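Each remark here refers to the structure printed beneath this line.
The values are calculated or read from the model by the stated rules, or taken from the named source; none is laboratory data. Only a predicted model underlies this, so the values are computations on that prediction, with no experimental measurement involved. In this analysis, Cβ positions are derived from the backbone assuming ideal geometry, glycine residues included, and neighbour counts consider all displayed protein chains.
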Amino acid sequence: MQRLHPARAPGYPPAVMDREADVRLVRQVLDGDGRAEAELLDRLLPHLRSVARATLANPADVDDAVQVALMRVLEGLSGFRGDASLVRWARRVAAHACLRQREQNVRRLRLVELGADEDAMAGPTPEARLGEGLPRHVAEYLEQLPAVQREVLVLRHVLDHSVAEVAELVGAPIDTVKSRLLYARRAVRALIRRDEALASQRGRAEA
């Protein structure tokens, strides 16, 4: 008699069985099963790399972010409970790692811009091009936002994720993401209008 695969058993939705399989795989990895760890890496690495490539333009940064994301995934395995699929959970971890990498890059960029001769700069970076036409560098506006607002704004408008994808990546309800986006946009618009008004006042004073 042919055995019925558990994932096909009546009364068990495939998504539930998949999450149970993920939990079993994680437990095997935590128990030191080398074959299970190889399976986990084969499954997750392409997803970690796809998130990094969508987030970071520099290939070196992509490689660094993938390594950091992988370490964060392995460090966090003991806390994985199967509430979401293993892949979704790992993509969320990767998104956080890549955002931190990007913020570090922006901070380094600001230090270079403050201390370097303009003639020594080879050309505009992606972050600099993003801020073209604004009174100040875009990073300066982002840094004035609360971290949770900055995170969703970057994911939505820099990395072009949908609101639903942002909600999945940050682990927050869609309505919460929409609220954070609303407040972040308002805050950035207010900061830009303030700087434009100050620049206009300076221009009239110098005329």
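What to note about this one:
- Test: LEU182 is assigned to a helix (DSSP H, G or I) and surrounded by 14 or more Cβ atoms within 10 Å (Cβ to Cβ): no
- When residues of segment 34-52 are limited to those that are surrounded by 16 or more Cβ atoms within 10 Å (Cβ to Cβ) and touching a residue at least 40 places away in the same chain (Cβ under 8 Å), the one farthest from the chain's Cα centre (by Cα): LEU40
- Condition met for ASP22 (in contact with a Ser or Thr (Cβ under 7 Å, 6 or more places away or on another chain), among the charged types (D, E, K, R), surrounded by 15 or more Cβ atoms within 10 Å (Cβ to Cβ) and outside the structural domain of VAL154 (by TED's automatic domain parsing)): yes
- Hits in segment 163-197 (condition: more than 16 Å from the chain's Cα centre (by Cα) and touching a residue at least 40 places away in the same chain (Cβ under 8 Å)): ALA187, VAL188, LEU191, ILE192, ASP195, GLU196
- Members of segment 157-175 found to be in contact with a Ser or Thr (Cβ under 8 Å, 6 or more places away or on another chain) and assigned to a helix (DSSP H, G or I), listed by number: ALA167
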